There are 2 protein chains.
Amino acid sequence: MIINVHQHFMELALKEAKQAQAEDEVPIGAVVVSHSRVIAKAYNQVERLKDPTAHAEMLAITSATNVLGSKYLTDCAIYVTIEPCMMCATALFWSKIGAVYYAAGDNRYGFTHFDRHIFNDTTHVEKGLLEHDCGQLMKDFFKKKRELDKL
Amino acid sequence: MIINVHQHFMELALKEAKQAQAEDEVPIGAVVVSHSRVIAKAYNQVERLKDPTAHAEMLAITSATNVLGSKYLTDCAIYVTIEPCMMCATALFWSKIGAVYYAAGDNRYGFTHFDRHIFNDTTHVEKGLLEHDCGQLMKDFFKKKRELDKL
């Protein structure tokens, strides 16, 4: 059996997103991988922590730098289920992370909707792993929210 | 004696920046004010925490939301000594903060150098309080760093 390692790591990020969903948080998850080892996992906790900065990526970056004892994540990759916003994209820029894999785009807040390129040229950026599953989780979440708002 | 309250709060932010300088951190400080009361103070701690997300504004936002028990800072103002980067500006956007006062511009990483407007239309944004003092602190810091690098 051929295992796609990138898909495997995105599946772990999706698992984090599902945990966010279970806690009624916007369902976004992230994992940070260093030399094929998961060193940080996180899901969005804005509601629980009542902190607008507690996006999955931010928590994962802080956790990963704690593990490595370094403010840089040069040899790391992050797998995140939704396109990072500019807060998270800029945090990833500051971290000098090696690669950013995100599953589904975010047409409203995603970093690609800003004109100026944000990442370092040495950062590999790739979209599309498990795009449907990760995107659908968000669509279902907001659809349910809208239905509840109507009640 | 007429006291300029905005200047007073920026002086507190500058005091935070000087604390950062004393700890050999990039000298940026921030305070968050709610109804004329300081509810959070912070300075850049990227080196100490080895965390690229530990900018003064981020720490101040998290601290302020903790104090208020709310993920929104709608009735608050932040006073920060240097123009926020896009990470911090977007975090302030997510927080729905009422006002952003920054002292000196950042020609390289400042949010104004991105084409797309980031703040909510209801957020008052103003530059220039104690601009010289806050900017000079940064200039002196990096000048010293460059001189040390030459040794």
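Each value in this text was obtained by applying a stated rule to the coordinates, not by laboratory testing. This one's a predicted model, so the numbers in the text were calculated from it and none came from an experiment. For neighbour counting, all protein chains shown are included, and Cβ atoms are generated from backbone atoms with ideal geometry for every residue, glycine included.
Which of the following residues is basic (K, R) and within 16 Å of B:Q136 (Cα to Cα): B:K18, B:K71, B:K41, B:K50? The unique qualifying residue is B:K18.
Listed here are the residues, each with its yes/no results for (1) closer than 30 Å to B:V46 by Cα; (2) touching a residue at least 60 places away in the same chain (Cβ under 8 Å).
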position	(1), (2)
A:V100	yes, no
A:Y109	yes, no
A:D115	yes, no
A:H124	yes, no
A:G128	no, no
A:G135	no, no
A:M138	no, yes
A:K143	no, no
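One residue alone among B:V26, B:V80, B:V46 is farther than 23 Å from A:L73 by Cβ, out of contact with any Ser or Thr (no Cβ under 7 Å at 6 or more places or on another chain), buried (at least 16 other Cβ atoms within 10 Å of the Cβ) and among the hydrophobic types (A, V, I, L, M, F, W, C), and that residue is B:V80.
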